[in-house]
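All remarks here apply to the structure that follows.
The values are calculated or read from the model by the stated rules, or taken from the named source; none is laboratory data. Keep in mind it's a predicted model, so treat the numbers as computed, not measured. Positions of Cβ are generated from backbone atoms using ideal geometry, with glycine treated the same way; all protein chains shown enter the neighbour counts. Surface accessibility is based on the protein's heavy atoms, side chains included, excluding ligands, DNA and RNA. Shrake-Rupley method; radii C 1.70, N 1.55, O 1.52, S 1.80 Å.
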Amino acid sequence: MDVMPKWAEVILVPLISLLLAAILSALVILAIGEDPVAAVKLMITGALGSSYGWGYTLYYATNFMFTGLAVAIAFHARLFNIGGEGQAALGGLGVAMACLYIPWPHWSLALIGATVAAGLFGAAWAAIPAFLQAKRGSHVVITTIMFNFIAASLLNYVLVNLMRPKGSMDPASARFPEAVHLPTLHDILAPFGIAFSKSAPANVSLLVAVAACVFLWFLIWRTRLGYEIRSFGNSESAAKYAGIPPVKIIMITMMISGALAGMMAINNVMGEAERLVLNSVEGAGFIGIAVALMGRSHPFGVFLSAILFGFLYQGGAELALWTSIPRELIVVIQALVILFTGALDNMVRMPLERVFLALRKKGA
């Protein structure tokens, strides 16, 4: 029987972890001679105080939803997919090929095609380390890390030698045709009379990310495959005894994980840059690990956690722009959030468990 109620596990533990991270971040800001209260106000205003700020916050959050979901489903099978960077990069290649080489008549059809291409490229890239783990016993953490570097090198070669327009010095693909440009939140909300910034990059792929959260919830908790994935993650030996084949679960789970990471490219490549550039992922694959940890590998938790990290990214950019707080300190603040919500999770959980255990004994 669980010592803590579910609401405490899902809400209270992350909330206290966040509070501790915020207190330590405030002390760091004080140590360099800045006002932590003014810094927090600026972060809130910059990230949430205008539709422009919200546009960037939701843009970053969309990236983190995809990569967070990718890590979350792997966690359910006790697999640690650290290859989100490479899978998202290859997903971008799939998006670029779908947008440049297929004459789409409308952005809606292009979005479907690009999403499928991104998912297939990401899944294919994840399938190789999955096979090595399932058949050869190569640890998926090591192989997925190495495949991030291979993906970066492969993408560099393809952009420089195959997709770069003639005469261009920039290692990037040609711009996508106007027919495949995705509508921004400004375009979506304008018919309803809601004013939203034209220059913010948040776009329709946010709705795809939310749909992916719903899909993953349904898959994990409402399907036989989801039950098999969770059973395998809880006990591989018991799952094998029940007739659940480990090779099948490892391959399918990692391919779904890779597909979700690859689908991030519809936001940053198709929706924002409207061409494929080097380093378009910008670390979102690694942030997805923190998002999944903080969200307790639950799709709704991932959704909320992604918005928080979107806020930290946009608010941190405003801090670096308008104060003397260096950009590196913003990374420190983000790292503290990751540290307390991930690595130091038990530091909060264990005292809380003792409190709830004492309350339960007192009530009995």
query = Given the conditions (1) open to solvent by 10 Å² or more (accessible area, probe 1.4 Å); (2) within 26 Å of Glu178 (Cβ to Cβ), and given that Lys6 satisfies all but one, which numbered condition is not satisfied?
reply = (2)
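Do any helices (runs of 4 or more DSSP H) entirely within the range 295-364 hold 2 or more residues that are closer than 15 Å to Glu9 by Cβ, and if so, which?
On the way: elements: 299-322, 327-338, 345-363.
Of the helices (runs of 4 or more DSSP H) lying wholly inside the range 295-364, those with at least 2 residues that are closer than 15 Å to Glu9 by Cβ span 299-322, 345-363.
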request  = Scan Gly46, Gly55 and give me the residue that is touching a Ser or Thr at 6+ places or on another chain (Cβ under 6 Å) and at pLDDT 85 or above.
outcome  = Gly55
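Residues checked against (1) in a helix (DSSP H, G or I); (2) modelled with pLDDT under 95; (3) open to solvent by less than 10 Å² (accessible area, probe 1.4 Å):
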{"site": "Ala21", "(1), (2), (3)": "yes, yes, yes"}
{"site": "Ala61", "(1), (2), (3)": "yes, no, yes"}
{"site": "Phe66", "(1), (2), (3)": "yes, no, yes"}
{"site": "Ala70", "(1), (2), (3)": "yes, no, yes"}
{"site": "Phe75", "(1), (2), (3)": "yes, no, no"}
{"site": "Gln87", "(1), (2), (3)": "yes, no, yes"}
{"site": "Ala96", "(1), (2), (3)": "yes, no, yes"}
{"site": "Pro103", "(1), (2), (3)": "no, no, no"}
key: Residue satisfying all of: in the range 232-268; more than 19 Å from Leu90 (Cβ to Cβ) and not in a helix (DSSP H, G or I); least open to solvent (accessible area, probe 1.4 Å) among these   = Ile244
key: Residues that are in a helix (DSSP H, G or I) and open to solvent by 40 Å² or more (accessible area, probe 1.4 Å), drawn from the range 198-224   = Leu207, Val210, Ala211, Val214, Phe215, Trp217, Phe218, Trp221, Arg222, Arg224
query = Of all the residues that make up the range 178-197, how many are open to solvent by less than 60 Å² (accessible area, probe 1.4 Å) and either within 27 Å of the chain's Cα centre (by Cα) or of a type in the set (Lys, Arg) (or both)?
reply = 11
ask   = How many residues does the range 105-126 hold that are open to solvent by 20 Å² or more (accessible area, probe 1.4 Å) and farther than 11 Å from Ile266 by Cα?
value = 9
